[in-house]
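The block underneath contains the structure these notes are about, expressed in structure tokens.
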Amino acid sequence: MHTIVVTTALLPAAFTDSLKQLGEVRLAHDYQGELWTGATIALTTVMDAMQADQIGALPDSVKLIANIGVGTDNIDLDAAKARGIQVSNTPVVTEDTADLAMALLLDTCRRLSAGERYLRAGQWLQAQGKLGSRVHGKKLGIVGFGDIGQALARRAAGFNIQIVYWGPRRKPEAEQALGASYCETLEELMASVDIVSLNCPLTADTHHLIDAAMLAKLQPHAVLINTGRGPLIDETALIAALQAGQLAAAGLDVFEHEPTVPEALIAMDNVVLTPHIGSATAECRGDMVRRAAANMAAFVQGGELLDRVV
């Protein structure tokens with residue numbers, strides 16, 4: 001079988017060159033046209049939409065969507081399955097994303113970015129008057145206690161932070177290993193913690209999981225961190241809650257309509273913003289592309305995908 005890999009993302013030349021050992025590699029600007037003729041693999045990133053329309057436009061020869069990223073919310077998995085297209089991901093971002101979540105937590109609570117902005121503007125005294133909040137000894141609620149949520153809990157333990165979590169399934173072994181406690185409801189978690197971190201995947205059930213009603217459960221001193229996916233939060237409701245003082249601050253790496261970030265969030269001094277960089281280390285991105293390549297190699301060789309989603 002002559003393998004043709006088509007990607008709509010401009011990826012590092014070293015990576016695409018290495019894929020040439022699998023077959024031909026093409027860069028397309030959309031999901032149809034001559035460049036897709038005979039294609040066998042669609043190589044995507046989490047920023048590439050592969051919804052029903054795009055999948056429907058793919059030629060019948062495409063049998064694998066290899067996604068560079070652990071999340072697959074950019075892909076309509078049902079549409080892929082209906083067309084007999086396998087989907088793989090790269091679940092190798094756990095530690096780097098947990099590092100960023102902990103960094104955002106510290107930055108947001110201690111107002112590090114705000115302090116730096118004042119300092120660079122020559123406003124030393126103004127920065128001194130902007131007090132942050134203590135991190136050690138606080139209570140952290142982790143929403144989604146999978147690999148990343150548990151990795152964050154391990155980091156928080158070094159700050160003597162009390163860990164509670166909520167998710168679709170209780171995890172007794174993780175509770176014992178990490179000293180965490182389970183909350184029966186998300187409402188209970190939101191009302192009882194000082195800091196909330198969202199580390200769950202985006203699904204139909206978790207879209208706008210944090211809405212106006214949930215935000216209203218927070219204590220006024222609470223801090224919200226999101227390194228999961230932007231649409232986990234109703235962004236309009238979050239802006240309103242921050243403006244009303246329903247929570248003290250937010251640290252956001254992801255946004256509802258990326259790459260667009262609301263001006264209201266940009267203008268707030270108590271909000272820390274980063275541009276979806278949970279996996280943005282040289283080491284992690286290297287791991288991701290190698291894992292994607294390994295999945296594609298397994299596909300070409302007729303073996304089992306390392307990370308089959310569909």
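The values are calculated or read from the model by the stated rules, or taken from the named source; none is laboratory data. All values derive from a computational prediction rather than experimental measurement. Here the Cβ is made from the backbone with ideal geometry for all residues, glycine too, and neighbour counts use every protein chain on show.
What the table shows:
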item	result
Segment 42-58, subset within 21 Å of His276 (Cα to Cα) and of a type outside the set (Ser, Thr, Tyr), residue surrounded by the most Cβ atoms within 10 Å (Cβ to Cβ)	Leu43
Pair list, Cβ under 8 Å, 6 or more apart: segment 212-236 residue free of Cβ contacts under 8 Å to residues at least 40 places away in the same chain, other residue in a helix (DSSP H, G or I) and of a type in the set (Asp, Glu)	Met214/Glu187; Lys217/Glu187
Segment 7-27: number of residues that are within 14 Å of Val62 (Cβ to Cβ) and in contact with an Asp or Glu (Cβ under 9 Å, 6 or more places away or on another chain)	2
Hits in segment 242-260 (condition: surrounded by fewer than 17 Cβ atoms within 10 Å (Cβ to Cβ) and β-branched (Val, Ile, Thr))	Thr260
Qualifying residue in segment 195-215 (condition: assigned to a strand (DSSP E or B) and either modelled with pLDDT under 95 or in contact with a Phe, Trp or Tyr (Cβ under 9 Å, 6 or more places away or on another chain) (or both))	no
Helices (runs of 4 or more DSSP H) contained entirely in segment 51-156, each with at least 1 residues that are touching a residue at least 24 places away in the same chain (Cβ under 8 Å) and either over 30 Å from Leu218 (Cα atoms) or among the hydrophobic types (A, V, I, L, M, F, W, C) (or both)	52-57, 77-82, 94-110, 112-120
From the options Thr44, Thr7, residue that is in contact with a Leu (Cβ under 9 Å, 6 or more places away or on another chain), closer than 16 Å to Ala292 by Cα and hydroxyl-bearing (Ser, Thr, Tyr)	Thr7
Of all residues making up segment 10-41, the number that are within 18 Å of Ala293 (Cα to Cα), among the small types (Gly, Ala, Ser) and not in a helix (DSSP H, G or I)	2
Some residue of segment 228-236 being touching a His at 6+ places or on another chain (Cβ under 6 Å) and either over 18 Å from Ala101 (Cβ atoms) or assigned by TED's automatic domain parsing to the domain that holds Leu186 (or both)	yes
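A quick yes/no check of all residues on (1) closer than 28 Å to Lys81 by Cα; (2) free of Cβ contacts under 8 Å to residues at least 40 places away in the same chain; (3) assigned to a helix (DSSP H, G or I); (4) among the hydrophobic types (A, V, I, L, M, F, W, C):
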{"position": "Leu242", "(1), (2), (3), (4)": "no, yes, yes, yes"}
{"position": "Arg285", "(1), (2), (3), (4)": "yes, yes, yes, no"}
{"position": "Met296", "(1), (2), (3), (4)": "yes, no, yes, yes"}
{"position": "Gly303", "(1), (2), (3), (4)": "yes, yes, no, no"}
